[in-house]
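One structure is given here, and the rest of the page talks about it.
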Amino acid sequence: VNVTESTNSLTKNALDHCIFPMTFKDDVQKYGPMIMASGSGCHVTDIHGKTYLDAMSSSSRASSLGYGNEEVAQAMYRQAKKVHYVGSAAWMTEPMIKLAERIAELAPGKLSKTMFVSGGSEAVETAFKLAKQYQHASGKKPNAYKIISRWNAFHGATMGALSATDWLPIRETIDPRVPGYSFVGNPMAYRNSFGMGVEEYEVFCANHLERQIQLENPKLVAAFIGEPIMQSNGAQVPSKGYWQRVREICTKYDVVMIVDEIITGIGRCGHWFVSEHFGIEPDIITSAKALTAGYIPMGAVITREEIADAMPMFRHIHTFSGHAVAAAAANAVLDIKEREGLIPKALANGEYLQKALKQAIGDHPIVGHIRGMGHWHAVDFTSNKATKAVFEDDTVKAIATRMVEHGVLSTAIGTSVEIAPPLTMTQSEFDTVVSVYKTSVDEVSAERGLA
Ligand SMILES: Cc1ncc(COP(=O)(O)O)c(C=O)c1O
């Protein structure tokens, strides 16, 4: 490890002057802040010179093209010199319009109009406002303000998005929520709080949504929001039937169906939008992260003409909506993903990765369930295969930490350890990820007397 004066002072300045969100202070003190100095392809190197294989796309799942992409960097540079930015409430730029036109081609069905924002939470806020203003202006539901979300959902950090969020580490900090939000069950692969079978539980969750709309008064319910594949406890892929039933219910009660594709959109799960896989056409899709492959912040809210054009004016604005450099980056990202066929490749890669994970650790005594799709997978751990009991101690976190020590970046998420590699990851890099996964599970379980 190369500890120099400058790495020491960077670490000290980080500890003295930076706030570390969602990270326990004890962990920052114990492991030190991870300060990254450079990256290339799927590898990222910290200030001590240690290089990691990044199976988490920059920890947020955003860096879908890896590091150091010359084409994206050049596109941003050229646009910054030409016209870097205009306030898009009044003005527009060519790359933004081009991007909107391309998204209309890629999005399912009639979703053809986009508003760009600066990230995921802003996209969710925008979707809520669009849904409410549409309900009022169309005359369908002049007083609707309620939003129905799902247990365990994560939709972002701003107050509206957070009010639709049910995520344990932050749940207690947010009350009082924005009024009018309520929650229904969400499909869970492997285990749920009621001990139901997976299919039976999906039926319950869909019925719960219908019952909740009735309870809240359909005339007051503006929208429903859900992540098509939920991140809670790791890459929860439900059945097509569940989403199709949710679509039917939203249509029946004129509830705007918002599908939050902030993680899944623009290729992560082997489709431009994973709604396609589930055979649904949402009323609104939110997208961010992979849209610019993390090269610059940008989010998008995509909807049908009928919704976008229902009101004389959409009353909502953000200073950096439709930023020209971000749009240029996104256009370059779409060029690369299209040209290199990365979306269909992601689907095939996902099958390869699933199979390899199952072969390597599927029979391990602490591995309960392996699931995922495309470039997003999770291994759900259990302390007892017969009862599916969760680990009450830090075993799951210890496995993710061990992987980092062995040079592969993954994330512990509830009962699972998750991987979400860039779409550019190669098969031999997948093999490294799987082999480090296996070593880490073997080591941690042996140390703890679990195998
Ligand atoms: C499904 C989902 N929605 C919304 C958000 C919020 O996005 P952002 O962090 O860009 O505000 C996230 C972020 O992880 C997300 O995963």
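The values are calculated or read from the model by the stated rules, or taken from the named source; none is laboratory data. Source: prediction; values computed, not measured. Backbone-built Cβ (ideal geometry, glycine too); neighbour counts: all protein chains shown. Side chains included, ligands, DNA and RNA excluded: accessible areas come from the protein's heavy atoms. Shrake-Rupley method; radii C 1.70, N 1.55, O 1.52, S 1.80 Å.
Quick notes on this structure:
- Modelled label positions at ARG315 and THR439, each set 7 Å beyond Cα in the direction of Cβ, lie 5.9 nm from each other.
- Additional length obtainable on full extension of the chain from VAL83 to LYS358, 0.36 nm per residue less Cα span: 94.0 nm
- When both the range 329-397 and the range 203-232 are represented by their alpha-carbon centers, they are found 27 Å apart.
- Summarising the label geometry, the points placed 7 Å from Cα in the beta-carbon direction at LYS12 and SER60 lie 3.0 nm from one another.
- Lysines whose Cα lies under 25 Å from that of LYS397, excluding same-chain neighbours fewer than 8 positions away: LYS25, LYS30, LYS50, LYS289, LYS355, LYS358, LYS385, LYS388, LYS438
- In the chain, the DSSP-assigned H stretches of four residues or longer account for a calculated mean residue ellipticity at 222 nm of -12500 deg cm²/dmol, using -39500 (n - 2.57) per stretch and the full residue count as denominator.
- The accessible-area ordering, largest first, of the residues LYS240, LYS252 stands as LYS252, LYS240, per a 1.4 angstrom probe.
- FRET efficiency for the ALA137 to ALA90 pair, using the beta carbon distance and R₀ = 22 Å, is estimated at 0.50.
- Using a cutoff of 8 angstrom between alpha carbon atoms and counting only pairs six or more residues apart, the relative contact order for the chain works out to 21 percent.
- Computed over protein heavy atoms with a 1.4 Å probe, the accessible surface of the range 334-417 works out to 41 Å² per residue.
- Sorting the segments 112-121, 263-272 by their mean number of nearby beta carbons within 10 angstrom, highest to lowest, gives 263-272, 112-121.
- Global form of the range 175-311, assessed from the alpha-carbon gyration tensor, a/c cut-off 1.5: oblate
- DSSP beta bridges in the chain [antiparallel fraction, %, rounded to 5]: 65 percent
- Only Lys, Arg, Asp and Glu carry charge here, each on its Cβ (+1 for the first two, -1 for the last two); on that basis the chain has a dipole of about 840 debye about its Cα centre.
- Prolate/oblate/rounded label for the chain (Cα gyration tensor, a/c 1.5): oblate
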